[in-house]
Structure formats: structure tokens, C-alpha cells
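The values are calculated or read from the model by the stated rules, or taken from the named source; none is laboratory data. None of the values given here were measured: they were computed from a predicted structure. Neighbour counts are summed over all protein chains in view; Cβ atoms, including those assigned to glycine, are modelled from backbone coordinates with ideal geometry. Heavy atoms of the whole protein, side chains included, go into the accessibility calculation; ligands, DNA and RNA do not. Shrake-Rupley method; radii C 1.70, N 1.55, O 1.52, S 1.80 Å.
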Amino acid sequence: MATASGSSDLAGSGAPPPGGGAQAAAAEEEEREVVRVRVKKCESFLPLEFRSFAVDPQITSLDVLQHILIRAFDLNGKKNFGISYLGRDRLGQEAYLSLLSDWDLSTAFATASKPYLHLRVDIRPTEDSPLLEDWDIISPKDVIGSDVLLAEKRSSLTTAALPFTQSIISQVGRTLSKVQQVLSWSYGEDVKPFKPPLSDAEFHTYLNHEGQLSRPEELRLRIYHGGVEPSLRKVVWRYLLNVYPDGLTGRERMDYMKRKSREYEQLKSEWAQRASPEDLEFIRSTVLKDVLRTDRAHPYYAGPEDGPHLRALHDLLTTYAVTHPQVSYCQGMSDLASPILAVMDHEGHAFVCFCGIMKRLAANFHPDGRAMATKFAHLKLLLRHADPDFYQYLQEAGADDLFFCYRWLLLELKREFAFDDALRMLEVTWSSLPPDPPEHEDASPAGDVAAGSPLMPEVGSPQDPGKSLPPPPPLGLPPPQEFGRGNPFMLFLCLAILLEHRDHIMRNGLDYNELAMHFDRLVRKHHLGRVLRRAKALFADYLQSEMWDSEEGAEATAPS
């Protein structure tokens, strides 16, 4: 089978012929951003039932679709059912064709009759349903209150997170704790940025004379407040994605990346030795299918389908899947790798950075669904604490499982903002996390890494001394090293987006399907400034409360 030398035939691995240009790619991406679905349920002699909703074809697997249908028709995971879609058989006649795999579902999305994909759910008399086994485990409604909330605690995060969050409290909490003001921001109000992005000249003030990073916590807090200038991202993102061991000098960092790039090229040349021909062909075709519809509207990925940037994205994802067989490749990973490659503009460097982010996010794609279930449970808990009235509304609308936020949590909101805004959102989020660098290089010194350095000056308006702080959130929210599986700020970004649209949703009485379609229409359209400001204020209030308790949090997420 093909090795790295065969990777140039990108368009030959099941892709349509090259051409069409950026406009066609952008139009196709926009067209397939959301697929509207109409479903009819057939069960014995009972009357037919109908539902309508919208899904994102890029991250909706057959398992996800099954869960949506279980919720939509209140099947509760107990009834065996079959799913079919309206398509054309081999004779060209319209017929309902069975959906038995993700491949079948991809075909259904690609050939769906416009403007709707028509599905049929046939309820069978037997209770035994192997199709539902996975969702018996990972459905957020089913796992809330289980012991997964306390599983897989990371000791490194436990030791590193608390000092860092105390630094955020010291700097952010004093200026951004007006939660009542935050919750009352209007639907369309504009806001100003916190600080200008980190510049190259300022970045060098965080390095000592040998080029070692001497104030890592201050650097992260600076990025948390203002982000990074685009021209500097390829340098700074490597720190945020934990590429370098601690203490490397400037020369050692260059040598490290050169060596890692050579290692990547070696791994890429070993595809055929590391995977069977059948597995490799499956991986490549799956990756290619996603690559050809990832960020094609952006200039970096526009153009013909055998272009060098699409080929690089395909190859680094294939190399990751082949060298990490326990994770392999899953839908959505291309969305995580795309901004990294666009910023690094170097395939080997992007691979190293992608491996860094997947150390933290690989669990999102695990088939047991435990990580995603935990994040759903924590987001639900957070919303219930922050806005009980809105939470009650979602309960009454049958939307309190927050499953319409699936893409947000899986891809850490990458697709919810315009591409350039997503880059800023990602770097701010990464800067809120404690460092988790790889082991030291054998020849590298320990470095001049200062812990507990003085904080940057305060930013923004000081707290009005005539106004008292709002009460802290109730007991029950997990501590930062556990909340959101170690990424609490991401939960507050999700909360901020929900609150941005709270009044619109409640005022217009949106039901579950309307609410899901509302957010699907907002893909790449959320206002980054408003969302960041609201999320930072809510996050600061959470950190300032210092009222975290794992057992209380687990109890609070248990069914009432």
C-alpha cells in the first residue's frame, strides 16, 4: 500500500477530481454545514409520529443520530429500532435504504433529497438492541450522577492548576467580578478588547538572555488577557500546546523542532509498516473525506483538492492515526488540526503541536464516551448554578441534556467562531490551562523558570468600591483541575454563548428543535468579544468563590 511517497495522490484516494476553485469549495461547505432532517416513526398499529431537526454532518455519527432519535421520540434506549433513509436503489427508484454504519450515513448526507434528509424509524417488538449499547453508556441523561465524574483525575493538573488559578484570581477577579452586570448585557451590545495582542517585542521580555522562558505564568496571563499577534502565533502556540520541555534555550528549541520534524518524516514513511493495507486504506479515505470539507472557505485551504495544504493536513492526520492506533482517527479531528497547520505553515511542526493538543483531547473521541459525558454533566451543573430560570426553561423544553452543545464540547468551540476569531479564542483558552510540558531533554539544563512571579498590572476598570460583590456560586461546582476535565474556562465560554442567546430563546419560546437549529445557524457567527468578556467575568467569579468540592459536585449532578 501507499507510503509517504504515495501521499501526493491526495485526490486519487476516493476524492472527486480536482478543480472547482475556492468559491465552489466555500459554497459546498456552506451548503453542507447543516442538514435538515425529517423523521417519521413507524410502530405496529400506532399512529405515525413525525419530528424535524437539523444536524451537523461533519460530526454526526450513526451513534449520535441514534441518541438524537431516542430523545426525539422518547425511546429511552429501551426499544430496538431500525433507521433508514429515503434514497435511490440500484434501479434508480426511490426507496428507504437501511442505515447500518457511518458510511451509510455519509452517503445519506451526500445524497439527501433537498431541502430535507428523510428518515424512517421502525420500532421492532424485541427489546434486545445491540445498536444502542454505546448510547446506554454515553447518553448524558443516563450517566449523570454516575462515578464517571470522579474518574481519571490527573495528578499533574491537581498540583499545577491551583497555583495558576490563584494567579488568575489575583489579576482577573478584582476587575471582572460584576456578574449581575454581565448577565444583563444586551443581545447585541458591543464590547472593547481587554488588551492589545502580545507583540514580538513584548514576548522577548519574558525570555532571559539565553532565550529561556523565565516568566511562564505571567506569559500565560498576558495571553489570557489579549491573545497573540498573528505573526507571533507559530512561536507562542508551541508553548501553549506544551511542545517544548522546560528550560530550553533558543538554540535548543530550534534543534528540538528540527529533530521532531525529522522524526515526523520517518513516521510518515512507515505507514505501510505500521498498519495493514486494509486499515491504512480505511484511515486515509476517512481522513480525506473530512479534509476535503474542513475550512475550505479559508484562503489557506481554498483551491484545488490536491493542493499542498490539504495534502499536508491529510498526511499529518493519517500519520497520527497510524502511530496512535488506540485513538486512530475520528470525525472532528480535522477541525482541531486545521488551525494549527494554518498557523504553523509547516507540516512537521503542526504534527508535533497536534500531538500536544491530543494528549488532552484524545479522550473526547474514545468510544466509551466517558469524557464527553463528564463535560455534558459539568456544563449542565454550571448552567443550573448560573441561571436557574433559564435552566428550568430548558428542562420544560426537554433540552436540559444540552445535547445541542455536542459540537461545542467535542471541538472546544473551534467551529462556532469565524476562523480568525477561533484562533484568538483557542489561544486564550489554552493560556488558561496549567503547563504540561514533555520530559526534559537529556542535554537540556533545568532552565530559569520562575514560579510565583509578580503579576502583570491590572487591566480594565477597577471594581466600584460603592458596590458589593455578588454572592459566590453555591457549593457543588468541582474544582478547576476537575471541572470540564481540567479545562474549566471552556465550560464558561459555552455558558457565555448560552447566556448571549438566553433572552431571545425564552422570549420566542423556542422548543428543542428550534433551539438546536438556532445555534446551528450561528456556526462561525458568534461575537468573540462579547463571549470572551462574559466568560472571563463568570470564570473569575467562580475562581474567587473558592467553594469547590468534588463530592458535592457529584451529588449535585445526580438525578433529583
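Couple of notes before you dig in:
- Odd one out for LEU232 among (1) within 30 Å of ARG530 (Cβ to Cβ); (2) part of a loop (DSSP other than H, G, I, E, B): (2)
- Reported count of residues in the stretch 44-68, each being farther than 18 Å from GLU514 by Cβ and open to solvent by less than 30 Å² (accessible area, probe 1.4 Å), is 10.
- Counted residues, the stretch 233-272 - those being aliphatic (A, V, I, L, M), under 19 Å from SER432 (Cα atoms) and in contact (Cβ under 8 Å) with a residue 40 or more places away in the chain: 4
- Annotation: LEU379 fulfils all but one of (1) at pLDDT 95 or above; (2) outside any helix (DSSP H, G or I); the unmet one is (2).
- Considering only residues in the stretch 516-542 that are open to solvent by less than 30 Å² (accessible area, probe 1.4 Å) and touching a Lys or Arg at 6+ places or on another chain (Cβ under 7 Å), the one that is farthest from ILE505 (Cα to Cα) turns out to be ALA537.
- Any hit, the stretch 342-353, residues being more than 15 Å from MET257 (Cβ to Cβ), at pLDDT 95 or above and not aromatic (Phe, Trp, Tyr): yes
- Members of the stretch 297-314 that are closer than 11 Å to PHE419 by Cβ and either in a loop (DSSP other than H, G, I, E, B) or open to solvent by 60 Å² or more (accessible area, probe 1.4 Å) (or both): ALA297, HIS298, PRO299
- Number of the exception - SER338 against (1) closer than 16 Å to LEU426 by Cβ; (2) open to solvent by 10 Å² or more (accessible area, probe 1.4 Å); (3) of a type outside the set (D, E, K, R): (2)
- Residue list for the stretch 382-437, filter: among the hydrophobic types (A, V, I, L, M, F, W, C) and either touching a strand residue (DSSP E or B) at 6+ places or on another chain (Cβ under 6 Å) or not in a helix (DSSP H, G or I) (or both): ALA397, ALA399, LEU402, LEU411, LEU413, PHE417, ALA418, LEU433
- Within the stretch 85-139, being touching an Asp or Glu at 6+ places or on another chain (Cβ under 8 Å), open to solvent by 20 Å² or more (accessible area, probe 1.4 Å) and at pLDDT below 80 holds for ASP134, ASP136, ILE137, ILE138.
- Note on the stretch 245-271: residues that are hydroxyl-bearing (Ser, Thr, Tyr), surrounded by 15 or more Cβ atoms within 10 Å (Cβ to Cβ) and in a loop (DSSP other than H, G, I, E, B) amount to 1.
- Of all the numbered requirements in (1) outside any helix (DSSP H, G or I); (2) modelled with pLDDT under 80, GLN23 misses one, and that requirement is (1).
- A single member of GLY369, GLY332, GLY303, GLY348 is touching a residue at least 40 places away in the same chain (Cβ under 8 Å), in contact with a Phe, Trp or Tyr (Cβ under 6 Å, 6 or more places away or on another chain) and among the small types (Gly, Ala, Ser), and it is GLY348.
- In the stretch 386-402, the count of residues that are open to solvent by 30 Å² or more (accessible area, probe 1.4 Å) and within 20 Å of ASP63 (Cβ to Cβ) is zero.
- Going through (1) in contact with a Phe, Trp or Tyr (Cβ under 8 Å, 6 or more places away or on another chain); (2) surrounded by 21 or more Cβ atoms within 10 Å (Cβ to Cβ); (3) modelled with pLDDT under 95 one by one, LEU221 falls short only on (1).
- Residue under evaluation LEU292, criteria (1) open to solvent by 20 Å² or more (accessible area, probe 1.4 Å); (2) of a type outside the set (Gly, Ala, Ser); (3) out of contact with any Asp or Glu (no Cβ under 8 Å at 6 or more places or on another chain), criterion not met: (3)
- The stretch 203-226 residues that are at positive phi, paired with ones that are buried (at least 21 other Cβ atoms within 10 Å of the Cβ) and not in a helix (DSSP H, G or I) (beta carbon under 9 Å, 6 or more apart): GLY211/LEU248
- Residue in the stretch 203-214 that is farther than 22 Å from ALA350 by Cα, of a type in the set (A, V, I, L, M, F, W, C) and either more than 21 Å from the chain's Cα centre (by Cα) or surrounded by 21 or more Cβ atoms within 10 Å (Cβ to Cβ) (or both) present: yes
- Checking each residue in the stretch 41-96 for being of a type in the set (A, V, I, L, M, F, W, C), assigned to a loop (DSSP other than H, G, I, E, B) and over 24 Å from ALA399 (Cα atoms) picks out PHE45, LEU46, LEU91.
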